[in-house]
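Trainee: Got a structure for you, questions after.
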Amino acid sequence: MAEGRDFAASTTAGPRWDASGHTTFATWVREVGAWLNVTSARLNPTQQAAAIQLGLRGIARDFAMAIPAVAISHGAAINGVHTDPVTYLLHALGSRFESLEDER
């Protein structure tokens with residue numbers, strides 16, 4: 001299976017993604033959106049954020065695991081507005097890795 005597409009019903013790890021792989025960040029975010037919809041009845045946003053962290057590989061995983069646990073448990077503010085853990089995690093990842101899209 002292609003990178004990012006082997007998450008079939010997993011609730012312990014979100015869709016896989018590695019910044020050095022072939023799947024773009026934008027494609028991975030769309031896959032995460034679908035995965036969030038599939039898991040929303042079983043997992044709360046804290047569990048979803050942690051599962052997304054576990055699905056990451058390489059420098060993306062290192063980056064995500066360095067996010068303070070409180071932000072993964074309770075969310076954090078973006079531009080002064082409190083957000084849920086998933087939104088905060090995806091925003092942080094986007095801020096770090098979206099710029100790589102132009103380099104591909």
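Trainee: If you rank 40, 20 by how much accessible surface each has, with a 1.4 Å probe, what is the order from largest down?
Mentor: Details: 40 75, 20 100 Å².
Ranked list, largest accessible area first: 20, 40.
Trainee: Residue 74 to residue 22: FRET efficiency via 1/(1 + (r/R0)^6), r the Cβ-Cβ distance, R0 41 Å, to the nearest 0.05?
Mentor: On the way: r = 34 Å, r/R0 = 0.83.
It comes out at approximately 0.75.
Trainee: For the stretch 60-99, take the alpha-carbon Rg, divide it by the Kirkwood Rh, and send me Rg/Rh. Before the final figure, lay out the partial values.
Mentor: Details: Rg = 9.6 Å, Rh = 10.1 Å.
That ratio is 0.95, to two decimals.
Trainee: Counting only protein heavy atoms and using a 1.4 Å probe, what share of the accessible area of the chain belongs to carbon plus sulfur, as a whole percent? Could you put the intermediate results ahead of the total?
Mentor: On the way: 3160 of 5620 Å².
Summing carbon and sulfur atoms, their accessible area is 56 percent of the total for the chain.
Trainee: Now for a separate question. Cut-off 10 angstrom, C-alpha nodes, Gaussian network model of the chain. Which of 41, 19, 66 fluctuates the most?
Mentor: Judging by the Gaussian network model, the answer is 41.
Trainee: Still on this model: In whole Å and largest first, what semi-axes does the C-alpha gyration tensor of the chain yield when each eigenvalue is scaled by 5 and square-rooted? List each step's numbers first, then the result.
Mentor: Details: eigenvalues 78, 61, 26 Å².
Rounded to whole Å, the semi-axes are 20, 17, 11.
Trainee: Continuing with the same structure: Could you work out which residue, out of 81, 32, 70, moves most in a Gaussian network model of the chain, that is, has the largest mean-square fluctuation with Cα springs under 10 Å?
Mentor: Maximum among the listed residues: 81.
Trainee: Return one whole number: the accessible area per residue of the chain in Å², for a 1.4 Å probe.
Mentor: 54
Trainee: Can you list residues from other chains, or at least 5 along the same chain, whose modelled amide H is less than 5 Å from the amide H of residue 56?
Mentor: So residue 56 has HN proximity to 17.
Trainee: When only the heavy atoms of the protein chains count and the probe is 1.4 Å, how do 18, 84, 62 rank by accessible area, highest first?
Mentor: Numbers: 18 35, 84 65, 62 105 Å².
Ranked from most to least accessible, the order is 62, 84, 18.
Trainee: Can you tell which of 39, 23, 58 lies farthest toward the positive end of the dipole of the chain, using +1 and -1 charges on the Cβ of basic and acidic side chains (Lys, Arg; Asp, Glu)?
Mentor: 39
Trainee: Would you mind telling me which residue in 27, 11, 39 has the biggest mean-square fluctuation in a Gaussian network model of the chain, where springs connect alpha carbons within a distance under 10 angstrom?
Mentor: 27
The values are calculated or read from the model by the stated rules, or taken from the named source; none is laboratory data. Remember, it's a predicted structure, so these values are computed and weren't measured experimentally. Glycine also receives a Cβ, built like all others from the backbone with ideal geometry; neighbour counts cover every protein chain displayed. For accessibility, only protein heavy atoms count, side chains too; no ligands or nucleic acids. Shrake-Rupley method; radii C 1.70, N 1.55, O 1.52, S 1.80 Å.
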